[in-house]
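Input: a single structure, listed below in structure tokens.
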Amino acid sequence: MFERLGRFVVGKAWWVIAGWVVAAAAIILTTPSLSDITSADQESFLPRSYESVQATELGQKAFPQQATATATIVVKRADGQKLTPADEAKVGQVAQALKARNIPRTSGYLTGPPAVAPDKSVQVVNVGLDATTPDDPALLDAVRDLRAALGPELAGSGLTAGVAGDVASFVDNEDTFNKAFAVVGVATIILIIGLILIIFRSPIAALLPVVVVSAVLTITTGLVAAAGKAFDLNVSQDLQTILLIVLFGIGTDYILFLLFRYRERLRAGDDKRTAMIVSVQRVGEVITSAAGAVIVAFLVLLLASLGFFGSLGPALAIAVAVMLITSLTLIPAVVSLLGRYVFWPSKAWQRAPKATLSRRLGTTVGRRPAIVAAASGIVLVALAAGVLSYKADYDFSAGFPQDTESAKAAADLQRGFAAGALAPTEVYLTTGNGTPLSEQQVTDFAAAVAKAPGVGQAQPPERSSDPSVARVNLLLNENPVSNEAITLVRDDLRDAVHEAAPPGTRALVGGTTAIFADINSANNRDLSVILPVAAGLIALILALLLRSLVAPIYLVIAVLLNFAATLGATVYVFQGLQDKPGVTFQLPIILYLFVVAIGTDYNILMIARLREEAREGNEPHEAAAIGVEHAGPTVAAAGLILAGTFGVLMLAPISFLQQMGFAVAIGIVLSAFVMSMFFVPALTALIGHKAWWPGHGDERPARGRHASPEPATVTEA
């Protein structure tokens with residue numbers, strides 16, 4: 001099949017390229033924008049069955065006048081002394097003056113004696129922010145206007161103030177994010193071009209992945225947006241960045257797979273067209289199987305209860321499918337036309353290097369497979385042991401620079417009030433059937449929940465215009481987005497609140513901490529489902545590729561072990577060496593996307609080469625040596641580029657990006673250099689012919705020793 005595809009693409013190269021141009025133009029001009037299906041609301045991705053979502057829905061109905069976000073003005077004396085009655089009166093005047101300015105999208109400006117810290121260190125003014133969406137740009141302008149107005153209002157009073165809250169934090173860190181992604185983007189392009197220049201010594205080969213992947217990204221975003229519109233799917237605002245990384249990762253991998261094999265065939269004496277036909281024949285099945293495994297791994301995300309993962313899966317599957325088609329059609333067509341000029345001006349492609357490092361490594365694997373398998377396996381197991389200490393971290397703000405206005409104001413607030421003052425836990429009491437709540441029921445309930453575990457302070461209960469609903473805001477003693485607070489809400493606080501509900505009523509716990517507690521539960525559930533199902537489906541694809549039941553078993557075990565080793569290594573570095581309270585809660589699923597799914601590519605490339613060498617009549621040990629020698633450079637180059645792409649994220653001054661960059665980079669390094677180049681070929685050599693049971697994948701094909709097609713006459717397109 002792939003031989004026929006290669007002949008068609010090479011024979012009709014200009015037609016293939018023209019078809020791509022027409023299809024790309026049609027997709028770009030007729031599909032909607034990705035922003036049309038993008039949502040920044042993490043809570044909206046939780047199923048309605050979770051209590052925090054039910055609490056939010058109840059709050060929106062019962063308190064429709066409530067702003068969708070808040071900004072907290074934290075006022076203190078410039079000399080660090082306690083606030084005086086005159087200072088408190090001045091804060092009240094400032095709040096009224098700010099309200100009179102009618103700053104767009106703001107409301108409330110609530111302050112007073114309850115807003116003064118017990119130790120008189122600070123006083124707060126709570127400002128409501130009205131937004132149509134959580135990432136409404138008008139909110140950023142509202143916070144900027146609020147800050148600009150604060151200075152003149154406090155002039156000469158001896159008071160100073162800062163604005164805290166999620167929106168204020170985003171304003172302060174917007175430039176940090178933009179600069180970080182700009183640096184990462186530029187560094188990624190430079191890294192890809194630089195490394196491929198070193199490998200092939202050709203600017204054409206170096207620019208090929210950048211140009212092709214950039215075009216594929218534009219096409220993919222249009223197709224994803226069209227699919228989102230058609231099936232009513234929302235995607236996270238992170239999708240554009242993830243799509244970019246996925247496409248550059250797998251796109252560069254697949255292009256390198258082809259270029260390395262194409263160069264090998266040119267060195268063997270094939271003409272440029274026959275070389276590409278043979279390359280597509282030999283590598284086409286590998287690329288298709290690798291892409292199939294990645295697509296399946298991404299589609300398994302549809303089983304996730306978190307909508308973020310469920311919508312991410314199809315989008316990434318579309319991206320991989322487009323890249324697969326590109327790799328088997330557009331790339332071979334372009335390269336077959338360029339011929340040896342794809343490696344211009346280098347002449348190195350004409351001769352095979354002698355005594356290379358990959359040859360020495362291959363010889364070591366072939367001669368000492370038991371020692372190599374044991375050593376590489378011990379490395380993976382030792383790193384995987386770090387998973388036992390894994391803790392999730394939900395505190396994004398702690399990962400941002402702490403010298404910003406919002407960070408300083410938040411620190412002042414937490415010193416004066418309970419740690420949870422910035423994000424109160426919202427507790428709702430309702431009869432559920434429209435029957436009014438009595439004052440006694442509300443009062444008794446408020447008194448009971450104020451004594452619940454972990455509560456530092458309870459605000460006075462609020463009655464809704466709906467007489468069947470009341471709300472009590474609780475300020476936790478713990479940082480509301482810390483792992484301790486999330487565990488507290490999930491395991492103890494909710495139970496205490498539910499028990500405090502009077503007979504005939506129901507209590508619901510909502511707010512930021514409760515949302516993260518439910519995300520934590522959903523995340524744990526999703527990983528427990530996704531990983532086994534993905535492992536089973538990837539094993540099935542490998543079984544179909546290799547016609548074997550044995551090899552897929554140890555290959556999948558190797559992939560899962562590599563996943564654990566990657567997470568463990570990250571725990572050692574960030575929880576151990578850097579003494580972080582945990583690693584970001586999103587990391588396991590990120591590693592699933594980029595280490596389990598994409599890292600499987602290297603396993604497939606290596607095992608396919610081992611089978612190919614066995615079919616050439618080589619014994620298992622010799623096949624392992626030759627396989628590592630020839631496939632090793634491809635795996636190393638692809639792994640180095642992808643690992644370097646993620647490693648660049650460690651340049652960002654944001655902890656989340658640093659953790660993601662390190663984790664994926666080390667995961668790809670382990671996939672390429674430990675698992676695929678040592679563990680898998682050494683284990684395959686040890687198992688020998690039984691690795692291909694019950695099929696005969698290592699037997700020489702009936703057509704003869706060399707499965708390459710004879711040089712064919714290919715007509716011009």
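The values are calculated or read from the model by the stated rules, or taken from the named source; none is laboratory data. All values reported here derive from a predicted model rather than from experimental measurement. Neighbour counts run over all protein chains shown; Cβ positions are idealised from the backbone, glycine included.
Take residues that are at pLDDT 90 or above and among the charged types (D, E, K, R) and tell me which of the helices (runs of 4 or more DSSP H) falling wholly in the stretch 585-692 contain 1 or more.
Working: elements: 587-591, 598-615, 620-647, 655-669, 680-687.
Because the criterion is at least 1 residues that are at pLDDT 90 or above and among the charged types (D, E, K, R), the helices (runs of 4 or more DSSP H) in the stretch 585-692 that meet it are 620-647.
Identify, by number, the condition in (1) under 17 Å from PRO32 (Cα atoms); (2) more than 24 Å from the chain's Cα centre (by Cα); (3) among the small types (Gly, Ala, Ser) that ALA206 doesn't meet.
Of everything listed in (1) under 17 Å from PRO32 (Cα atoms); (2) more than 24 Å from the chain's Cα centre (by Cα); (3) among the small types (Gly, Ala, Ser), ALA206 misses just condition (1).
Kindly indicate whether LEU29 is assigned to a helix (DSSP H, G or I), at pLDDT 80 or above and crowded, with 21+ Cβ neighbours inside 10 Å. Let's see the steps before the verdict.
Details: assigned to a helix (DSSP H, G or I): yes; at pLDDT 80 or above: yes; crowded, with 21+ Cβ neighbours inside 10 Å: no.
Against the criterion (assigned to a helix (DSSP H, G or I), at pLDDT 80 or above and crowded, with 21+ Cβ neighbours inside 10 Å), LEU29 does not qualify.
Quick one: would you say ILE331 is in a helix (DSSP H, G or I), buried (at least 24 other Cβ atoms within 10 Å of the Cβ) and of a type in the set (A, V, I, L, M)?
On the way: in a helix (DSSP H, G or I): yes; buried (at least 24 other Cβ atoms within 10 Å of the Cβ): yes; of a type in the set (A, V, I, L, M): yes.
Yes; evaluated as a whole, the condition is true for this residue.
Any residue in the stretch 557-569 that is more than 28 Å from PRO681 (Cβ to Cβ) and either at pLDDT below 85 or surrounded by 19 or more Cβ atoms within 10 Å (Cβ to Cβ) (or both)?
First, the residues of the stretch 557-569 that are more than 28 Å from PRO681 (Cβ to Cβ): none.
Looking through the stretch 557-569, none of the residues is more than 28 Å from PRO681 (Cβ to Cβ) and either at pLDDT below 85 or surrounded by 19 or more Cβ atoms within 10 Å (Cβ to Cβ) (or both).
Quick check on this structure: which one of VAL246, VAL184, VAL235, VAL224 is within 19 Å of ILE287 (Cβ to Cβ), buried (at least 16 other Cβ atoms within 10 Å of the Cβ) and either within 22 Å of the chain's Cα centre (by Cα) or at pLDDT 75 or above (or both)? Steps first, please.
On the way: VAL184 fails: within 19 Å of ILE287 (Cβ to Cβ); VAL235 fails: within 19 Å of ILE287 (Cβ to Cβ); VAL224 fails: within 19 Å of ILE287 (Cβ to Cβ).
Exactly one residue qualifies, and that residue is VAL246.
Please enumerate the residues belonging to the stretch 126-160 that are at pLDDT 75 or above and assigned to a loop (DSSP other than H, G, I, E, B).
ASP130, ALA155, GLY156, SER157, GLY158
For the subset of the stretch 440-465 comprising residues that are of a type in the set (D, E, K, R) and farther than 15 Å from GLY504 by Cβ, which member is surrounded by the fewest Cβ atoms within 10 Å (Cβ to Cβ)?
Out of the qualifying residues, it is LYS451.
LEU488 - would you say it is within 30 Å of ILE687 (Cβ to Cβ) and either in contact (Cβ under 8 Å) with a residue 12 or more places away in the chain or not assigned by TED's automatic domain parsing to the domain that holds SER438 (or both)?
no
Residues to consider are LEU324, LEU312, LEU301; find the one that is in contact with a strand residue (DSSP E or B) (Cβ under 7 Å, 6 or more places away or on another chain), assigned to a helix (DSSP H, G or I) and among the hydrophobic types (A, V, I, L, M, F, W, C).
Result: LEU312 is the single residue among LEU324, LEU312, LEU301 that is in contact with a strand residue (DSSP E or B) (Cβ under 7 Å, 6 or more places away or on another chain), assigned to a helix (DSSP H, G or I) and among the hydrophobic types (A, V, I, L, M, F, W, C).
For ARG101, indicate whether it is outside the structural domain of VAL427 (by TED's automatic domain parsing), over 30 Å from ILE277 (Cβ atoms) and modelled with pLDDT under 85.
no
Based on what the data block shows, is PHE445 in contact with a strand residue (DSSP E or B) (Cβ under 9 Å, 6 or more places away or on another chain) and modelled with pLDDT of 85 or more?
yes
From the set of residues in the stretch 328-381 that are modelled with pLDDT under 85 and closer than 30 Å to TYR572 by Cβ, which is farthest from the chain's Cα centre (by Cα)?
Among those that are modelled with pLDDT under 85 and closer than 30 Å to TYR572 by Cβ, it is LEU357.
With respect to the numbered conditions (1) surrounded by 24 or more Cβ atoms within 10 Å (Cβ to Cβ); (2) under 22 Å from the mean Cα position of the chain (by Cα), which one is the sole condition not fulfilled by ALA623?
Checking ALA623 against (1) surrounded by 24 or more Cβ atoms within 10 Å (Cβ to Cβ); (2) under 22 Å from the mean Cα position of the chain (by Cα), the one that fails is (2).
Consider LEU413 against the criteria (1) surrounded by fewer than 17 Cβ atoms within 10 Å (Cβ to Cβ); (2) farther than 30 Å from LEU651 by Cβ; (3) in the same structural domain as ALA507 (by TED's automatic domain parsing): it satisfies all of them except one. Which criterion is unmet?
Looking at each condition in turn, LEU413 falls short on (1).
Yes/no matrix, rows are residues, columns are (1) modelled with pLDDT under 85; (2) touching a Leu at 6+ places or on another chain (Cβ under 9 Å):
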residue: PHE260; (1), (2): no, no
residue: ALA268; (1), (2): yes, no
residue: ALA275; (1), (2): no, yes
residue: ILE287; (1), (2): no, yes
residue: VAL294; (1), (2): no, yes
residue: PHE298; (1), (2): no, yes
residue: SER311; (1), (2): yes, yes
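Enumerate the pairs (first residue in the stretch 426-452 and free of Cβ contacts under 8 Å to residues at least 24 places away in the same chain; second residue anywhere and surrounded by 13 or more Cβ atoms within 10 Å (Cβ to Cβ)) with beta-carbon separation below 8 Å, excluding pairs fewer than 6 apart on the same chain, so at least 6 apart or on different chains.
Pairs that qualify, where the first residue is free of Cβ contacts under 8 Å to residues at least 24 places away in the same chain and the partner is surrounded by 13 or more Cβ atoms within 10 Å (Cβ to Cβ), are THR443/PRO461.
Please go through the stretch 524-540 and pick out each residue that is surrounded by fewer than 22 Cβ atoms within 10 Å (Cβ to Cβ) and among the β-branched types (Val, Ile, Thr).
Within the stretch 524-540, VAL529, VAL533 meet the criteria.
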